[in-house]
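Read the structure below first, then the notes.
The values are calculated or read from the model by the stated rules, or taken from the named source; none is laboratory data. Remember, it's a predicted structure, so these values are computed and weren't measured experimentally. Please note: Cβ atoms are built from the backbone with ideal geometry, for glycine as well, and neighbour counts cover all protein chains shown. For accessibility, only protein heavy atoms count, side chains too; no ligands or nucleic acids. Shrake-Rupley method; radii C 1.70, N 1.55, O 1.52, S 1.80 Å.
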Amino acid sequence: MTEYFRANVEAMAGYVPGEQPKPGIQIIKLNSNENPYPPTPAVMAVLRNFDGELLRRYPNAFAQEFQQAASKVLGVPSDWIIVGNGSDDLLNLMIRACAEPGRKVVYPVPTYVLYKTLTQVQAAEIMEIPYGEDYRLPLEELIAVNGSVTFIASPNSPSGHVVPTDEMRVLASKLSGVLVIDEAYVDFAEEDALALVKEYENVIVIRTLSKGYSLAGIRLGFSIGNPHLLSGLYKVKDSYNIDAIACKVGAAAITDQAYKNACVAKVKTSRTKLATDLKKLGFRVWDSQTNFLLVQPPQGNASYLYQKLKEQGILVRYFQQPGLEDKLRITVGTDDQNQALVEALIDLK
């Protein structure tokens with residue numbers, strides 16, 4: 001049989017996203033960390049009134065309308081922002097620009113598995129440093145590796161914990177490579193590390209509109225970093241990686257901070273109640289600063305519960321990975337969705 005692919009690509013496993021229900025099937029979807037509430041009405045107004053002429057032309061190559069909107073909200077210059085086709089696109093740009101055979105990419109595990117997949121594509125050396133049971137950042141071990149790229153997801157998935165900014169600052173000061181702080185879930189957290197991009201040239205913060213802004217279907221993310229660092233990413237970026245619709249929709253969404261904050265507040269309130277309900281059922285529930293919970297069933301039968309819930313039309317996330325075999329990651333849904341989950345779990349006891 002003809003081998004078409006590079007040896008490292010042939011040997012690797014691709015990223016497996018959360019299950020998506022088939023169209024028309026009614027299901028409670030708590031497996032992909034989507035926001036349970038609709039996007040701001042400002043987004044829907046953009047879609048209703050979108051000028052078809054903008055579809056005929058190529059979009060702005062830098063998504064400047066979104067850059068400028070994000071600049072005002074975050075208080076950073078627009079040339080410190082690069083826009084991507086979802087935050088995954090920006091992770092890919094980072095790896096393409098900085099990783100190659102002989103260079104190390106390091107991150108603590110368990111975490112977002114796409115870091116591994118992207119590194120394997122570039123045939124760079126992967127260094128996975130285990131988190132302890134308390135999910136304290138293995139700071140000294142990460143510093144000792146001194147990777148070309150160091151990924152820290154904060155808040156982290158699937159654990160939901162935040163790495164203190166002071167620990168990020170120490171890490172940034174000790175690394176000669178790039179520190180990538182993946183803040184996909186930052187809208188639900190109590191602190192962020194954005195200030196570090198001004199303090200350290202080697203720090204880049206990645207964010208997305210998929211979670212807090214209810215725009216997972218649009219695919220829009222952005223990174224904040226020193227323009228010198230961003231210049232390398234622009235060299236490997238696709239010419240027009242952000243379409244005209246995503247640019248306008250994203251600008252409308254990030255401008256409406258009041259609506260986003262109101263939705264986030266509802267999710268956080270529901271998160272607290274869901275955690276309390278699950279603890280009453282005997283689940284171990286890790287503290288979370290995200291829109292999901294990492295939980296351990298009292299019997300450790302996570303795989304069984306995942307399958308039984310799926311049969312009842314409720315999708316949660318099960319990771320068949322070391323340290324996660326007895327755990328589930330559950331997206332915080334609406335109160336009605338969360339109650340349906342809890343009732344299903346009571347029936348399965």
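Can you tell me which of 137, 175 is in contact with a Gly (Cβ under 9 Å, 6 or more places away or on another chain), modelled with pLDDT of 95 or more and open to solvent by 10 Å² or more (accessible area, probe 1.4 Å)?
On the way: 137 fails: in contact with a Gly (Cβ under 9 Å, 6 or more places away or on another chain).
Checking each option against the conditions leaves just 175.
Out of all the residues in the stretch 245-271, which are β-branched (Val, Ile, Thr), more than 18 Å from the chain's Cα centre (by Cα) and open to solvent by less than 10 Å² (accessible area, probe 1.4 Å)? Break it down stepwise before answering.
Keep residues of the stretch 245-271 that are β-branched (Val, Ile, Thr), which gives 245, 249, 254-255, 264, 267, 269.
Those left that are additionally more than 18 Å from the chain's Cα centre (by Cα): 245, 249, 255, 269.
Of everything in the stretch 245-271, just one residue is β-branched (Val, Ile, Thr), more than 18 Å from the chain's Cα centre (by Cα) and open to solvent by less than 10 Å² (accessible area, probe 1.4 Å), namely 249.
May I ask you to verify whether residue 60 is outside any helix (DSSP H, G or I) and buried (at least 18 other Cβ atoms within 10 Å of the Cβ)?
On the way: outside any helix (DSSP H, G or I): yes; buried (at least 18 other Cβ atoms within 10 Å of the Cβ): no.
No; evaluated as a whole, the condition is false for this residue.
Considering the stretch 1-41 alone, what residues qualify as being small (Gly, Ala, Ser), surrounded by 10 or more Cβ atoms within 10 Å (Cβ to Cβ) and under 24 Å from the mean Cα position of the chain (by Cα)?
Of the stretch 1-41, the ones small (Gly, Ala, Ser) are 7, 11, 13-14, 18, 24, 32.
When the remaining residues are screened for being surrounded by 10 or more Cβ atoms within 10 Å (Cβ to Cβ), the result is 11, 18, 32.
Within the stretch 1-41, 18, 32 qualify.
Look at residue 218 and say whether it is part of a helix (DSSP H, G or I), of a type in the set (A, V, I, L, M) and open to solvent by 20 Å² or more (accessible area, probe 1.4 Å). Walk me through how you get there before you give the answer.
Numbers: part of a helix (DSSP H, G or I): no; of a type in the set (A, V, I, L, M): yes; open to solvent by 20 Å² or more (accessible area, probe 1.4 Å): yes.
No: the conditions fail for residue 218.
Listed here are the residues, each with its yes/no results for (1) open to solvent by less than 40 Å² (accessible area, probe 1.4 Å); (2) touching a Gly at 6+ places or on another chain (Cβ under 8 Å).
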site: 82; (1), (2): yes, yes
site: 85; (1), (2): no, yes
site: 93; (1), (2): yes, yes
site: 100; (1), (2): no, no
site: 104; (1), (2): no, yes
site: 111; (1), (2): yes, no
site: 114; (1), (2): yes, no
site: 125; (1), (2): no, yes
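Could you please find all residues in the stretch 140-152 being among the aliphatic types (A, V, I, L, M) and open to solvent by less than 10 Å² (accessible area, probe 1.4 Å)? Full working, then the answer.
Narrowing the stretch 140-152 to residues among the aliphatic types (A, V, I, L, M): 142-145, 149, 152.
Within the stretch 140-152, 142, 149, 152 qualify.
Condition first: outside any loop (DSSP other than H, G, I, E, B), under 27 Å from residue 128 (Cβ atoms) and free of Cβ contacts under 8 Å to residues at least 40 places away in the same chain. Now tell me which residues in the stretch 277-327 satisfy that.
Listed by number, the residues that qualify are 284, 285, 295, 296, 302, 303, 306.
Any residue at all in the stretch 286-309 that's modelled with pLDDT of 95 or more, of a type in the set (A, V, I, L, M, F, W, C) and over 20 Å from residue 159 (Cβ atoms)?
Checked the stretch 286-309: at least one residue is modelled with pLDDT of 95 or more, of a type in the set (A, V, I, L, M, F, W, C) and over 20 Å from residue 159 (Cβ atoms).
On the basis of being polar (S, T, N, Q), open to solvent by 50 Å² or more (accessible area, probe 1.4 Å) and more than 23 Å from the chain's Cα centre (by Cα), does residue 307 make the cut? Full working, then the answer.
Details: polar (S, T, N, Q): yes; open to solvent by 50 Å² or more (accessible area, probe 1.4 Å): yes; more than 23 Å from the chain's Cα centre (by Cα): yes.
Yes.
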